[in-house]
1. Could you go through the range 201-209 and let me know if any residue there is open to solvent by 50 Å² or more (accessible area, probe 1.4 Å), under 28 Å from THR612 (Cβ atoms) and either in a helix (DSSP H, G or I) or of a type in the set (Val, Ile, Thr) (or both).
2. Please pick out the residue among VAL78, VAL35, VAL56, VAL67 that is in contact (Cβ under 8 Å) with a residue 24 or more places away in the chain and touching a helix residue (DSSP H, G or I) at 6+ places or on another chain (Cβ under 9 Å).
3. Which count do you get for residues in the range 40-51 that are modelled with pLDDT of 90 or more and farther than 23 Å from GLU84 by Cα?
4. Residues that are within 26 Å of GLY360 (Cβ to Cβ), among the β-branched types (Val, Ile, Thr) and in contact with a Lys or Arg (Cβ under 9 Å, 6 or more places away or on another chain): find the strands (runs of 3 or more DSSP E) completely inside the range 236-336 holding 2 or more of those.
5. Being at negative phi and either in a loop (DSSP other than H, G, I, E, B) or surrounded by 17 or more Cβ atoms within 10 Å (Cβ to Cβ) (or both) is the filter here, so list the residues in the range 491-503 that pass it.
6. What number of residues within the range 470-490 satisfy the criterion of being assigned to a helix (DSSP H, G or I) and surrounded by 19 or more Cβ atoms within 10 Å (Cβ to Cβ)?
7. Of all residues being open to solvent by 30 Å² or more (accessible area, probe 1.4 Å) and not in a helix (DSSP H, G or I) in the range 530-557, which is nearest to ALA623 (Cα to Cα)? Just the residue, please.
Amino acid sequence: MFGATRPRTALRLAVLPALTLALLASLPRPLSADVIHLEGGGRLEGEIVYEDAEMVRITVHGVEQTVERDDIVRIERVKTPAQEFDERLETVADAQAAYDLGVWARDQGLSEQAARAFRRAVEMDGGHKEAREALGFHWFEGRWMSEEEYQRAQGKVYVEGRGWVSREEVDRIRGEETDRRRAEAEARLAEKRAEFEGVPWSEANVAERPHYIVRCNSTRKVADHYADFMEKLYAKYDKIFGAFPKQFPDDWEGKARGQPFRNTVYINRTHDEFMTMLQQPGGVGGFYRPEAWFGLPPRIVCAFHGPFGDTGDTHTVLAHEGTHQFEHLVMRGDFMEKPIWLIEGLACLFGDGHRVASSGEIEIIDPPDRLSQLLAQYAGTEYLPVKHLIRTPHMGFSGGHYAYGWAVIDYLTNKTSPLNPDKKGEKKVGREAFNAVFAANVDGVQTPEQFEAIIKEKLGKEIDAFDADLRAFILTKSMPTFGEIKGSEYTTNEFRFRVSRPATARGWAFQDKDLNPNEKIALVNEKTTGRVGIIAMGNGTGGTSKDWCDIIVGALSQRLDGLAMAKEPSERLLGGFPGYEFNCSGTEKASETGSERVRAAPQKYKVIVVATVDKVYILRFQADADRFGDSKDDFVAILESFKILD
């Protein structure tokens, strides 16, 4: 009957071509192997990886062969060196026998097994000289010492990449490293200053790409960077708006020369120039103008090069205002009459919510500032209902409304929360609802009642039920982090720094949640009470390291009872950049807002402040006042590992 016996699909080695057998026979024999003796006198040496009553599979020089039992005369099973080692280790009678076994294993290339045997010899005889030396121990000052103990006993220090060196050599190496970092920092600062010095607007650099013309009077490198950034954003915009045909204006730069339409972006070299030339008030980072204005062409994005606020910069502004520019490409009619919650909500999705990954690609994340606002307000009772959001006119739309516009769009386009077990289907329905909402505003202006009707039709929810579900969805989120932890290293591309933690065996761990305001990462040690909080933010004011140091001292005087300055601010380098440091102590006051982590015991601090052209870095080392010394060496190691990236 079919299937009653196993089909004989295996290749019978007895009929293998002579060339194949000759090739296998000509290859070098493995050091040890199983041997299959074949009918006719042939043999195969390798590792048997599977066998049953009818066949055997053997790997010979990386090639797996299947042999029928009928073709096998006998199998000679040979132990591997590792198998032989395990058997011999169980029977060693004394330390010398264990040591001899370790030497044999080392000769076989079994370094891990050799170390096991040497350790067994030491367990049997703590004074076995050869076994101790094989394990890297040294006899010094009347006792056996590990390599680290031996080197430290001679006053040496381990330096990464250099090995164990004298303390004098450490000073020389650190001096060289300081000089190198200072030179690198000065070069970076010079490059940054050149970016802000730029050129007159009449000599502005023009970077042309398939979808953008970027005019920028900073350096050519900066202009090209922002042009490439906008092209990457264009691909992200197209994923959301790609289903809608683009509507180009009647005229554009290059049309007379037969060139396709490209979006126009102007970027001033500094914030001051941006405000002066374009007559902008303080607090404005950029804008999009649908119509011609002050001699500028229509449909233009204007911004400036440099930081904006504590966490924003030119990329944030371009992504936000560039969204409006793209929205206008697919929306007909009076753009300024479109629902403001939709227009600005989408701009928050791409602007506040974009992040440049280490690969250089753009990722869309939850915008930290907007999400922080929503989590706080949705957790209480004072928040903006959707039915009020969609009825807010342009003139009444303030900074607090933006987050709610983003929340509605994020819910419709990305919802995969635990609220619905059918996450895939839920996301599809939400996007259908978003597409319907957006489509209604392509040719016209959707009324609040029409929005509510779409929510009812697509999601089966009345507006109040939709609002409750939106609120629950947002409350399932957590704040995004600003960098990536890989092993003992933390790197943030957004704020351009890297830091390493000491070994976990010493009690240190990274903390990337429940941080103090403006902290991007912290290193904590519960054993020693040591903590290092690292603040990084934009230097929008252009303040010097001394300016920021004075600000921090003033802030601590408000935060600490009994503030005592153990060391007044003095100059020092951090990552090659000139900065300031000071030491102080005091007891932390209770936080009025609840945003600060407060310790009850008196604290001792070392604070280091560095301001670059566009960023401010503040490293706050602290521990309980009577335990600060327990973390002192680790604080030094953390400080030495801190690097400001290019």
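The values are calculated or read from the model by the stated rules, or taken from the named source; none is laboratory data. All values derive from a computational prediction rather than experimental measurement. Because the Cβ atoms are built from the backbone with ideal geometry, glycine has one as well, and the counts that use them run over all protein chains shown. To get the accessible areas, we keep the full protein, side chains included, count just its heavy atoms, and leave off ligands, DNA and RNA. Shrake-Rupley method; radii C 1.70, N 1.55, O 1.52, S 1.80 Å.
1. Looking for residues that are open to solvent by 50 Å² or more (accessible area, probe 1.4 Å), under 28 Å from THR612 (Cβ atoms) and either in a helix (DSSP H, G or I) or of a type in the set (Val, Ile, Thr) (or both), one finds at least one in the range 201-209, hence yes.
2. Working: VAL78 fails: touching a helix residue (DSSP H, G or I) at 6+ places or on another chain (Cβ under 9 Å); VAL35 fails: touching a helix residue (DSSP H, G or I) at 6+ places or on another chain (Cβ under 9 Å); VAL56 fails: in contact (Cβ under 8 Å) with a residue 24 or more places away in the chain.
That would be VAL67, the only listed residue that is in contact (Cβ under 8 Å) with a residue 24 or more places away in the chain and touching a helix residue (DSSP H, G or I) at 6+ places or on another chain (Cβ under 9 Å).
3. Residues flagged as modelled with pLDDT of 90 or more and farther than 23 Å from GLU84 by Cα within the range 40-51 amount to 0.
4. Details: elements: 263-268, 286-289, 300-304.
Ranges flagged: 263-268.
5. Filtering the range 491-503 for residues at negative phi gives 491-495, 497-503.
Selection gives THR491, THR492, ASN493, GLU494, PHE495, PHE497, VAL499, SER500, ARG501, PRO502, ALA503.
6. As a first pass, look at the range 470-490 and keep what is assigned to a helix (DSSP H, G or I): 470-475.
Right, trim to surrounded by 19 or more Cβ atoms within 10 Å (Cβ to Cβ) and you get 470, 473-474.
Residues in the range 470-490 being assigned to a helix (DSSP H, G or I) and surrounded by 19 or more Cβ atoms within 10 Å (Cβ to Cβ): 3 in total.
7. ILE535
Conditions (1) of a type in the set (S, T, N, Q); (2) modelled with pLDDT under 85, marked per residue:
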position	(1), (2)
TYR226	no, no
LEU233	no, no
ARG269	no, no
PHE287	no, no
GLU291	no, no
GLY295	no, yes
GLY312	no, yes
THR316	yes, no
